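Note sheet for the following structure.
The values are calculated or read from the model by the stated rules, or taken from the named source; none is laboratory data. On a predicted model such as this, the values are computed, not experimentally measured, just so you know. Heads up, the Cβs are rebuilt from the backbone with ideal geometry, glycines too, and the neighbour counts pull from every protein chain shown. To get the accessible areas, we keep the full protein, side chains included, count just its heavy atoms, and leave off ligands, DNA and RNA. Shrake-Rupley method; radii C 1.70, N 1.55, O 1.52, S 1.80 Å.
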Amino acid sequence: MADDISGVVNARPGQEAVTACVSENADSWSRMVLMLAVSVRNLGGSLAASPLRTYFVRGLAGPHRELLEQLGAEVVDVDPFPSPIPHANKLRMFQDHAARGPGTLIALDSDIVVLGDLAAEINPDALRGLSGGFSPFDDELWGTWLEARGLSRPSARFRMQRTGRLVPVPYLCSGVLLVPKKFCKALADSWAAQVLALVEAFDAPPGSGAGPALPPDARFFTDQLALTCALVETGIPVDPLPVGCNFRPGLDHLGLTGIGHVHPLKAVHYHRWGLRADGFIKPAQFLPLNADLERVNRLTAAHLGVPYRPVLRPGSPTDMAGLRRAPAAIGRRAVVAVRRTAPVLRERSPWPRSAR
Amino acid sequence: MAKQPLPTIACVAEDRTEWFNRVFTLATSVRNLGGRTASAPLHALFVGSMDGLYEVPLASLGVVSSIVEPWPCTKPQANKLRMLESPEVGPGGVLVALDCDVVVLRDLTDGLSTSAIRATAAWESPMSPQRWHQLLDDVDLRPAPGPWTMIGTGEQVPVPYVNSGVLFIPAEMVDPLRESWAGYIKRLDGARPDRELVFLDQIALALALLDTGLPVEALGQEWNFHTKKDLETAAAPPPGPVHIAHYHRWVDQDGLPKPPRYAPLVPEIERLNAIIAARRGMAPNPSAAASLEAVVQRAAKMVQRGGRAVRR
């Protein structure tokens with residue numbers, strides 16, 4: 001009898017997932033969500049065959065809604081989170097998922113595109129997110145703030161991506177979070193309370209006795225600071241994600257992590273400043289990314305039915321001039337990146353300074 | 001509001017590049033234009049073997065690829081019975097069994113039913129009504145309660161003779177249909193004139209539907225729309241919005257579906273082709289390829305000049 005040749009070549013990861021993002025009802029935002037949806041359906045692996053929810057603060061109308069629905073994205077209208085911090089609106093997706101069906105929530109910022117299967121990164125027993133670039137609170141302030149909130153200091157320390165410093169709390173970038181269903185409700189409840197407490201403290205007049213004085217610059221990061229406090233309060237285990245799952249396409253990031261640690265790239269966080277004037281994603285300094293970013297741009301253009309001007313059009317005099325200038329520009333930027341990262345690398349070296 | 005049935009999509013392919021291109025085109029259309037169906041599980045069953053090169057592009061679209069044995073039959077069309085074996089379709093689900101040479105242009109959920117098998121009548125019948133009656137006598141089956149009208153020719157036949165390229169099969173009906181269908185394929189294979197057996201799978205399917213008594217409902221041709229056919233000659237009225245287009249071999253040199261003869265569908269196929277080209281990473285227009293060639297020529301000249309300078 002002949003050998004049985006049948007079999008599955010590529011099995012899906014065993015974990016069920018729901019991808020989601022929260023967006024404002026504005027053209028520039030819904031355009032980013034469209035790019036995210038296009039990337040999930042075309043490059044997301046098992047996420048391409050999983051539910052995708054897009055939450056729009058104060059709803060979404062018009063052609064973008066239709067395009068998202070064609071891509072199988074559920075468009076959910078939500079009210080803003082009652083806070084002056086717009087970033088806190090992202091709590092809506094955790095609150096909604098806590099009340100809905102099964103699956104790990106893959107919560108993404110709108111300014112992210114997916115280039116690989118994030119579901120393969122799910123840890124059913126922990127929340128996963130990338131450590132922040134730097135902590136807006138120093139160790140002392142963390143201690144004071146946690147004490148003021150009645151929270152105990154965690155035993156583990158977490159290394160910040162950009163500065164390389166160890167901080168006493170799980171301070172994560174909230175742009176990509178993988179949250180198993182069983183943690184969603186507790187996280188959403190605690191996170192909401194911590195946002196409100198931080199806003200109150202930031203807005204309190206100096207000397208009002210509303211807790212320790214917080215640096216005004218840190219107010220921008222209220223949602224991430226509150227997430228940290230929520231993780232401490234709830235005791236949800238945290239499992240840091242690799243850099244390639246929330247990759248910021250800059251040379252400084254690469255200098256810190258080393259190219260070998262970046263792959264495989266599964267999600268790119270281009271941020272709003274990473275967009276061209278025509279709404280497409282700018283090319284990355286990390287060149288291997290550009291073929292996929294270009295693919296997302298072209299797919300989005302095809303969905304919108306608009307012309308797309310590729311980043312590099314070989315042969316055009318302008319681009320050729322740009323290409324000739326490029327090595328010098330990259331060289332200059334590389335020097336800057338190395339200067340920035342060298343102190344950090346020294347600090348992160350496993351060997352004592354005298355042995356180097 | 002009634003709960004929507006959950007589709008599981010499947011197709012069968014040979015281990016050849018043109019077949020892979022069809023599967024890739026189908027998957028891209030589902031993921032980008034399928035609406036609520038866009039996130040449906042999609043299974044590609046490759047007969048005999050599968051080139052490793054196909055794995056990554058299909059996996060990135062969330063396609064689960066498998067290798068299956070050829071169905072024991074002289075006609076390769078019978079391989080599509082593997083779709084009724086492999087993908088697991090949960091209770092309340094519907095198997096959407098598709099030919100590879102179709103594209104999904106809209107949400108499919110409105111066409112699905114959990115209480116009946118649904119399919120579109122074939123464009124034409126390979127046998128006259130008299131021949132059908134003879135065949136029914138041979139296999140000891142009674143005609144269908146009402147005649148089925150062929151989409152293209154308008155002829156009426158006494159069996160549910162449907163195009164097997166698009167079949168919606170409720171989960172509970174998959175097993176009985178497969179067993180009966182397989183039985184008639186085995187019985188007819190080699191036992192009928194070859195000109196009739198070009199469509200062996202469809203003839204056997206019609207007999208299986210009659211024999212099992214499973215409920216069958218006819219879908220309009222917008223659920224299995226033949227892009228090459230000229231609707232001027234069709235007996236059926238022009239369709240509403242097309243959900244599934246069946247392009248057969250009506251493709252351009254890149255393997256993309258050619259513009260259909262039905263004019264209202266042309267912009268939709270052009271948009272789909274733009275999406276597929278973008279997904280494949282194809283040059284958006286010939287001029288880009290031409291300019292790439294210009295760069296190569298310039299680089300060659302620079303190397304020649306550099307060589308001369310070094311020699312001097």
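Miscellaneous remarks
- Relative contact order (%) - criterion: Cα under 8 Å, at least six apart; region: region B:8-304: 19
- A simple spin-label model places the labels of B:GLN156 and A:GLU66 4.0 nm from each other, with each point 7 Å out along Cα-to-Cβ.
- For the pair region A:267-301 / region B:130-158, the C-alpha centres are spaced 57 Å from each other.
- Length available on full extension from A:SER208 to A:ARG100: 0.36 nm per residue minus the Cα-Cα distance, which gives 34.7 nm.
- Check: region B:8-304 dipole with +1 on Lys, Arg Cβ and -1 on Asp, Glu Cβ, in debye: 800
- Between the beta carbons of B:GLN253 and B:GLU124, assuming R0 = 30 Å, the FRET efficiency works out to 0.55 to the nearest 0.05.
- Ranking of B:THR74, B:THR212 by solvent-accessible surface, largest first: B:THR74, B:THR212 (1.4 Å probe, protein heavy atoms only, all chains present).
- Computed with the Debye formula from one identical point scatterer per Cα of region A:1-148, without solvent, the log10 of I(q)/I(0) at q = 0.11 Å⁻¹ comes to -0.51.
- Take the Cα of A:ALA148, step 7 Å toward its Cβ, do the same at A:ASP77, and the gap between the two points is 3.9 nm.
- Residues A:LYS90, B:LYS75, B:LYS228, A:LYS185 ordered from highest to lowest accessible area at a 1.4 Å probe: A:LYS185, B:LYS228, B:LYS75, A:LYS90.
- Computed over region B:115-161, the Cα gyration tensor eigenvalues convert (square root of 5λ each) into semi-axes of 18, 15, 8 Å, ordered from largest to smallest.
- Rg(Cα)/(2.2 N^0.38 Å) for region A:152-252, N = residue count: 1.16
- Stokes-Einstein diffusion coefficient of chain B, Kirkwood radius over Cα pairs, 20 °C, 1.002 mPa s, in µm²/s: 102
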